Amino acid sequence: MKLILAIISNDDSSKVQSALTKERYQVTRLATTGGFLMAGNTTIICGTEDDKVDRAIEIIGKYSKTRTQVVPASASYGVGMYSSFPVEVTIGGATIFVLDVERFEKV
């Protein structure tokens, strides 16, 4: 058994969850915040059998699209870091971790 953790954009989270649920994956969504733009993300947690991992990743990739965004000149990137001019950054897509599950119980 595997545990899939997928960090995706809030813009894509409903589509990803619906597509996974439609194919009978059990999904839990968590609201999370990204570090670079301090923008909202969604972390999807999904436990599945080993042979279904590739299909889950395929679904996540299909509905997690990358796009570009221009960050305004007054944007702050954290402690004491400011941009002096607009910067175009790529957002979206998915960061996916697949972990081995040593033990699973549903009580």
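Here are the numbers for the structure shown:
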item: Candidate set from the stretch 76-107 (those that are assigned to a loop (DSSP other than H, G, I, E, B) and among the aromatic types (Phe, Trp, Tyr)); member that is modelled with the lowest pLDDT; result: 77
item: From the options 21, 43, residue that is at negative phi, of a type in the set (Ser, Thr, Tyr) and not in a helix (DSSP H, G or I); result: 43
item: Residues of the stretch 39-56 satisfying the condition of being more than 11 Å from the chain's Cα centre (by Cα) and surrounded by 15 or more Cβ atoms within 10 Å (Cβ to Cβ); result: 46, 47, 48, 52, 53, 56
item: Qualifying residue in the stretch 54-75 (condition: at pLDDT 90 or above and of a type in the set (Asp, Glu)); result: yes
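The values are calculated or read from the model by the stated rules, or taken from the named source; none is laboratory data. Worth saying up front: this structure is predicted, and the values here are computed from it rather than measured. Here Cβ is always computed from backbone atoms with ideal geometry, including for glycine, and neighbour counts include all displayed protein chains.
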